[in-house]
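Asks: The structure follows.
The values are calculated or read from the model by the stated rules, or taken from the named source; none is laboratory data. No experiment lies behind these values; they were computed from the predicted model shown. Positions of Cβ are generated from backbone atoms using ideal geometry, with glycine treated the same way; all protein chains shown enter the neighbour counts.
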Amino acid sequence: MTIPKEEQPTKHKKPHQIKRVSSAGLRIESVLQTKTGNFKEFFILGRKLGQGQFGTTFLCVEKATRKEYACKSIAKRKLVTDEDVEDVRREIQIMHHLTGHPNVISIKGAYEDAVAVHVVMELCKGGELFDRIIQRGHYTERKAAELTRTIVGVVEACHSLGVMHRDLKPENFLLVNEEEDSLLKTIDFGLSVFFKPGEKFTDVVGSPYYVAPEVLRKRYGPEADVWSAGVILYILLSGVPPFWAETEQGIFEQVLHGDLDFSTDPWPSISESAKDLVRRMLVRDPRRRLTAHEVLCHPWVQVDGVAPDKPLDSAVLSRLKQFSAMNKLKKMALIVSL
């Protein structure tokens, strides 16, 4: 479940392409503000792959090459405010901006017709990160360190290009194919924004388990992404999130005030270096938190670093399986209620 975006105090200038109509939100003549050609001329739409708040993702095939892609189709009728339209434009702009990074989903193009915006991107057939870990059935700290290196590498690249992701979570990391050495790709830049050094944001966005305390306090910058990556690392090592409660409000209370648990299993058998990194990524004061670059320099994360190669407790995998299944159920419930 994703925290809904709040209205920002600063109002965007209204693009002249948008006209208000009674009872139907916005009538949008152009979201992309450019002629894009007809999506259906170039692609055949296939089966549904996923559902989000604004868009539905389909398999699509390029007619000229027969190559498969993923297509996120965003219904214009769901773009109710000027800000919704800006968000779609910005997501596409950010994907183009990050093009070329090996662990970021690549965008093929964006098309617009009378009813929808279609964003065509690379297809990831290998499934979600946690599902792959569970499927493999054997798992070590060294593998967790390698995954952390990839995830935080993406964060560092985003930050160096002036982009804050704002919704880092395991479901937003997919594998390209079924191969053992498949590349991991970051997807979904729908909540991402451009930022300037020192700029602070106030809108509360993200997902409950992964949201940084300063986001809940409505004054944050790119350090919030490092916190989210730290939460993912904690789950990679233990199978459960560090801040946990039955309700969203309870989770937020834990994020703001809860203690990190390093005493219950499997933590006593996890290396001190791994625990040191988790602590430094989950520091509540963003000024004292490690930057993405500093995380990548930590001895536990480095290639041929100190992360041990011995298998983690099998309970970690069974807990990871439970947590992942629970998340999928919650996501289905959310989609049903939309």
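Asks: Would it be correct to say that residue 84 is among the acidic types (Asp, Glu), closer than 30 Å to residue 306 by Cβ and surrounded by fewer than 21 Cβ atoms within 10 Å (Cβ to Cβ)?
Replies: no
Asks: A further question on this structure: Can you tell me which residues in region 198-208 are at pLDDT 95 or above and outside any loop (DSSP other than H, G, I, E, B)?
Replies: Scanning region 198-208 gives a single hit, 201.
Asks: For residue 300, state whether it is within 20 Å of residue 142 (Cα to Cα), under 24 Å from the mean Cα position of the chain (by Cα) and touching a residue at least 24 places away in the same chain (Cβ under 8 Å).
Replies: Here the answer is yes, as residue 300 does meet what is asked.
Asks: Take residue 72 and decide whether it is closer than 25 Å to residue 184 by Cα and either among the basic types (Lys, Arg) or surrounded by fewer than 19 Cβ atoms within 10 Å (Cβ to Cβ) (or both).
Replies: Considered against the rule, which asks whether it is closer than 25 Å to residue 184 by Cα and either among the basic types (Lys, Arg) or surrounded by fewer than 19 Cβ atoms within 10 Å (Cβ to Cβ) (or both), residue 72 comes out as yes.
Asks: Take residues that are farther than 19 Å from residue 209 by Cα and at pLDDT 95 or above and tell me which of the strands (runs of 3 or more DSSP E) falling wholly in region 103-197 contain 3 or more.
Replies: 107-112, 116-121
Asks: Looking only at region 57-87, how many residues end up being at pLDDT 95 or above, assigned to a strand (DSSP E or B) and more than 28 Å from residue 162 (Cα to Cα)?
Replies: Total satisfying the criteria: 6.
Asks: Then there's this: Could you check, for region 306-319, whether at least one of its residues is of a type in the set (D, E, K, R), assigned to a helix (DSSP H, G or I) and surrounded by 17 or more Cβ atoms within 10 Å (Cβ to Cβ)?
Replies: yes
Asks: Show the residue pairs that are 6+ apart or on different chains and have beta-carbon atoms under 9 Å apart, the first residue being within region 123-151 and more than 22 Å from residue 267 (Cα to Cα), the second being among the acidic types (Asp, Glu) and modelled with pLDDT of 95 or more.
Replies: Here the result reads 123/68; 125/68, each pair linking region 123-151 to a residue that is among the acidic types (Asp, Glu) and modelled with pLDDT of 95 or more.
Asks: Which of the numbered conditions does residue 71 fail, given that it passes all the others? Conditions: (1) over 18 Å from the mean Cα position of the chain (by Cα); (2) of a type outside the set (Val, Ile, Thr); (3) closer than 27 Å to residue 33 by Cα.
Replies: The number of the failed condition is (1).
Asks: Out of (1) in a helix (DSSP H, G or I); (2) within 30 Å of residue 238 (Cβ to Cβ); (3) within 17 Å of the chain's Cα centre (by Cα), what's the single condition that is false for residue 90?
Replies: (2) is the only condition that residue 90 fails.
Asks: Regarding residue 99, is this residue among the polar types (S, T, N, Q), without any contact (Cβ under 8 Å) to a residue 12 or more places away in the chain and closer than 27 Å to residue 158 by Cα?
Replies: When the stated conditions are applied, residue 99 passes them.
Asks: Test each condition in (1) assigned to a loop (DSSP other than H, G, I, E, B); (2) under 19 Å from residue 185 (Cα atoms); (3) at pLDDT below 95 for residue 7 and report the one that comes out false.
Replies: Here residue 7 meets the rest and fails (2).
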